[in-house]
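Structure record follows, encoded as structure tokens.
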Amino acid sequence: MAAGFKTAEPLEYHRSFLKENCRPDGRELTEFRTTTLNIGSISTADGSALVKLGNTTIICGIKAELTNPTVEAPGKGYIVPNVDLPPLCSSRFRPGPPGEQAQAASQFIADVIESSEVIKTEDLCIDRGKLCWVLYCDLMCLDYDGNILDACVIALLAALKNTRLPEVTINKETSAPEVNLEKRRELQIHKHLVSASFCIFDDSILIADPTAEEETLSTANLTVVTDEDDRLCSVHKPGGTSLSGERLQECISRATTRQREIQKLIDKVAHSVKKAQ
């Protein structure tokens, strides 16, 4: 009976739970799903991480390549993120070029990287105006059940912490770069960013970490990005109903708590990986 009601009237089905201040999966309104993390999952990448947020699963692989700096920024390297939502992760996605949601997610990640300075791009420069690193950050969704932005940010941060760049020296005689794959250095992470996403139901009820079904039934989505100093780095709200200042403050407060939880998880997993090496 419940399954039939859920299929026929999904919004009413969810409302019946929200009236009791809980959700169909048993969570409280501002409770996040269980988050698990695996670091160094891809041996062929320079850094990688796999994140599960409930059923939503994202894998991030980082590949570093040597290139020429841009004319506008001769003393900087650069980071190129790309989010892929293939048909294998959900029947809602089709084969072919990236869809609107994948492009929006890639742009969101690029904006967060740029505005927060999670990594100072000056650290990626090897020889000013001549040589720098470019980091290709590929984020692929393996299972889609809502809230990919949070999962992508966690996977990216964990993969960057796992990235080891080989030592590069410039040969003075030939001016050619020489790469020493035996000697590698860690990237310096300047900001530990974590995002927290929320949905608004019926223009008034706020829920955290929405599932795919909750996202489609909601009247607005909001993502808040904070760092370890409780600094607000970004607020992403793609349309939908308006949000009061009080509600926004509630989201920011929950996001700062979430940041500490996730940073603790990443540090714990990174420490256990180091011990195992």
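Tabulated data
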{"quantity": "The chain - Rg and Dmax from Cα coordinates, angstrom", "calculated": "20.6, 79"}
{"quantity": "Whole-percent carbon and sulfur share, accessible surface of the range 30-276, 1.4 Å", "calculated": "49 percent"}
{"quantity": "With Cα atoms, 0 to 90° folded angle of helix 100-116 axis to the chain main axis", "calculated": "60 degrees"}
{"quantity": "Extension reserve of the I189-K120 stretch, reckoned as 0.36 nm per residue once the Cα distance is removed", "calculated": "24.0 nm"}
{"quantity": "Per DSSP, loop trypsin sites (Lys or Arg not before Pro) in the range 140-188 with at most 16 further Cβ within 10 Å", "calculated": "K172"}
{"quantity": "Separation in nanometres of the label points that stand 7 Å from Cα toward Cβ, at I170 and S253", "calculated": "5.4 nm"}
{"quantity": "Amide H within-cut-off set for T219, under 5 Å, with H built and near neighbours excluded", "calculated": "I200, F201, D202, D203"}
{"quantity": "The chain, helix-only ellipticity at 222 nm - DSSP H runs n ≥ 4, -39,500 (n - 2.57), divided by all residues, nearest 500", "calculated": "-10000 deg cm²/dmol"}
{"quantity": "Per residue value of the accessible surface for the chain (all protein chains in place, 1.4 Å probe), Å²", "calculated": "51 Å²"}
{"quantity": "Restraint check, K130/K264; K52/K274; K76/K264; K76/K183; K120/K264; K63/K191, Cα-Cα greater than 32 Å", "calculated": "K130/K264"}
{"quantity": "Partners for K161 among aspartates and glutamates (Cα-Cα distance below 13 Å; same-chain residues under 8 apart left out)", "calculated": "D46, E186, D267"}
{"quantity": "For the range 30-276, size of Cβ-based charge dipole, Lys and Arg +1, Asp and Glu -1, in debye", "calculated": "740 debye"}
{"quantity": "E228 long-range amide H proximity, modeled H, under 5 Å", "calculated": "H192"}
{"quantity": "In the range 156-187, GluC sites (Glu not before Pro) in a DSSP loop with at most 15 other beta-carbon atoms within 10 Å", "calculated": "E173"}
{"quantity": "C-alpha center-to-center spacing [the range 234-277, the range 21-75] in angstrom", "calculated": "13 Å"}
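The values are calculated or read from the model by the stated rules, or taken from the named source; none is laboratory data. All figures in this text were calculated on a predicted structure; none of them were measured in a lab. FYI the Cβ positions are ideal-geometry reconstructions off the backbone, even for glycines, and counts take in every protein chain you see. Only protein heavy atoms, including side chains, enter the accessible area calculation; ligands, DNA and RNA are left aside. Shrake-Rupley method; radii C 1.70, N 1.55, O 1.52, S 1.80 Å.
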